[in-house]
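A.B. asks: Let me begin by handing over the structure; questions about it come next.
Readers should treat all values here as calculations from the given coordinates under stated rules, not as data from a laboratory. What you see is a predicted model; the values in this text were computed from it and never measured. Note that we place each Cβ from the backbone using ideal geometry, even for glycine, and neighbour counts take in every protein chain shown.
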Amino acid sequence: MKKKATFLGLATATAAALFLIMSLCGCDKQDPFKIGFSGCLTGRLSDLGTAGRNGALLAVAQANKAGGIQGRPVELIIKDDKHDPETAVAADRELIDQGVVAIIGHMTSSMTLAVLPLINREKMVMVGPTVSSNELSGIDDYFFRVIGSSTARVNLMADHIATRTDVKTVACLLDLGNRSFSNAWFTSFKETFEKHQGCRVVPVTFTSTRDVAYGDLVDEILESNPQGLLLVASALHTAMVCHQLRKKGSKIPVFSSGWAQTRDLLLQGGRAVEGMVFFHYFDLNSQKSNYLGFRDDYLDAYGQEPGFAAMGAYDAATMLIRALRIDDNPGNLKQTILEHRVVPGLQGDFELDSHGDAKRNYYRITVRDGRFVTME
């Protein structure tokens, strides 16, 4: 009897140990893959951040509905960088400390450049949904992006204005609150535009982190007697400048870097932004099935159609989730992405180069009757 009792005790202890191990394994299996999102959710540039957050949330929800990653759910942890460099670094530090496997962000070039030393030091993969500064091109680092650098869009815009319009003198309004993006746009645009005979660019600057006297700013723009205006600024600032421009009786054509191509531009700008021209990497009128499904889901979830920031963040999130499904070891994430550089996107496949920059097609877009319309 004593031996039997001992055997039963050992068996019970072994079963308990096995149950504990299995329970722990099951718990680990259910621990979520944490992905961070860091963008400007408050303030004057919040249209980009909130749209990006919404696009990423939709991608995560759809991934979880499809079984997550190796049976584990995906959790999006969201931080507001307030479009402030110190806040952006602190936000990413918090995300890293919370155990995220990657970060989607930031929504502007200046914030991305601010956090890049931390990202590289921590070997934390970051995917930019809307960042196109040339300062981030051609670098072997942990930053990826689902769009290309500014160069191609700038050249298309410069050649379009010089060869397809009568505009020879362009006033270029630059927001120094996102200096790395704005300066890159201006430098490249001026170089390309002024290669055309008789073409000239006049810079005008302001800083979005301070109060802006839009009437005075437009007076400064008009002093150079431009034939056209190129705005490298957010939707809100672009809309306000256009209102003042039309209020003062100017009918010069207006062009945008594409930064302003959000719903806020249409809501705030109204008739003042009619006819504005952009070149962009997303076609809001695409008929591709993936995009149409995403557009309908986004409309159902948020009550409005998606813009480029939402699409970029959705593509960024799905790119990360796809890579983790291929290899769920976060330590291999950078290499996995680089080994699978052709990425399925909402509007067709796009390819990353060896430094993680996407190669995209671009579309010419105008504002017509209060909507963004793709031009042939």
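A.B. asks: Of the DSSP beta bridges with both residues in the chain, give the percent that are antiparallel, rounding to the nearest 5. Walk me through the numbers before you get to the answer.
C.D. replies: Numbers: 13 of 45 bridges.
Taking every DSSP beta bridge with both residues in the chain, the antiparallel ones total about 30 percent.
A.B. asks: Hey, any idea what the orientation-averaged projected area of the convex hull of segment 151-280's Cα atoms comes to, in nm²?
C.D. replies: Averaging across all directions leaves 7.0 nm² for the Cα convex hull.
A.B. asks: Listed highest first by mean packing, meaning other Cβ atoms within 10 Å per residue, what order do 266-277, 32-43 come in?
C.D. replies: 32-43, 266-277
A.B. asks: Longer than 26 Å from Cα to Cα, which of LYS168/LYS248; LYS123/LYS190; LYS251/LYS288; LYS190/LYS247; LYS82/LYS123 are they? Say none if no pair is.
C.D. replies: Numbers: LYS168/LYS248 21 Å; LYS123/LYS190 36 Å; LYS251/LYS288 36 Å; LYS190/LYS247 28 Å; LYS82/LYS123 24 Å.
In this structure, LYS123/LYS190; LYS251/LYS288; LYS190/LYS247 lie more than 26 Å apart at Cα.
A.B. asks: Extending each Cα 7 Å along its Cβ direction at ASP159 and HIS196, get the distance between those two points in nm, one decimal.
C.D. replies: 1.1 nm
A.B. asks: List the equivalent ellipsoid semi-axes of segment 297-344 in whole Å, largest first, each obtained as the square root of 5λ for an eigenvalue λ of the Cα gyration tensor.
C.D. replies: Details: eigenvalues 147, 22, 11 Å².
Its equivalent ellipsoid spans semi-axes of 27, 11, 8 Å.
A.B. asks: Just from its helices, what would the mean residue ellipticity at 222 nm be for the chain, if runs of 4 or more DSSP H residues each count -39500 (n - 2.57) and the sum is divided by every residue, rounded to the nearest 500 deg cm²/dmol?
C.D. replies: Details: 12 runs with 175 residues, N = 376.
It lands at -15000 deg cm²/dmol.
A.B. asks: Among ARG44, ARG364, ARG210, whose mean-square fluctuation peaks in a Gaussian network model of the chain (Cα, cutoff 10 Å)?
C.D. replies: ARG210
A.B. asks: A follow-up question, please. Please list, short to long, the whole-number percent of alpha-carbon pairs of segment 246-353 in consecutive 10 angstrom bins beginning at zero.
C.D. replies: Spelled out per bin, shortest first, that is 12, 34, 28, 17, 7, 2, 0.
A.B. asks: Round to the nearest 10 and give me the degree value, 0 to 90, for the angle of helix 85-97's Cα axis relative to the longest principal axis of the chain.
C.D. replies: 20 degrees
A.B. asks: Let me ask something additional. Under Stokes-Einstein, with the Kirkwood radius over Cα pairs standing in for Rh, what whole-number D in µm²/s applies to the chain at 37 °C and 0.692 mPa s? Provide the component values of the computation, followed by the final result.
C.D. replies: Values: Rh = 22.1 Å.
Translational diffusion coefficient: 149 µm²/s.
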